[in-house]
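The values are calculated or read from the model by the stated rules, or taken from the named source; none is laboratory data. This is a predicted model, so every value here is computed, not measured. Every residue, glycine as well, gets a Cβ built from its backbone with ideal geometry; the counts of neighbours run over all protein chains shown. Note: areas computed on protein heavy atoms with side chains; ligands, DNA, RNA excluded. Shrake-Rupley method; radii C 1.70, N 1.55, O 1.52, S 1.80 Å.
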Amino acid sequence: MSIPTAVWSGELRVGDLVLRCHVLDNGQRMIDVDSLAAFLNWLEAPTTTPADAERVAAEYAVWMRGGDR
């Protein structure tokens, strides 16, 4: 069994956040750990509304499916 490697790296813009992302050679999509931490901090911020979180979740779901908005 080989360790998957990144075949694509780039940025995913969700809301005001820019997340560093990677697609592995096995098709799995990954978010950089620092970007994930920033995203979780954003979710916990008192200024983040449920509507903000819902919008970002929809944008992320599109990315996970490999599609455009």
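Kindly evaluate residue 8 against the criterion of being aromatic (Phe, Trp, Tyr) and more than 11 Å from the chain's Cα centre (by Cα). Here the answer is yes, as residue 8 does meet what is asked.
From the list 34, 52, the lone residue that is touching a residue at least 12 places away in the same chain (Cβ under 8 Å), of a type outside the set (Val, Ile, Thr) and open to solvent by 80 Å² or more (accessible area, probe 1.4 Å) is 34. Is there a residue in the stretch 7-23 that is modelled with pLDDT of 90 or more and among the hydroxyl-bearing types (Ser, Thr, Tyr)? Looking for residues that are modelled with pLDDT of 90 or more and among the hydroxyl-bearing types (Ser, Thr, Tyr), one finds at least one in the stretch 7-23, hence yes.
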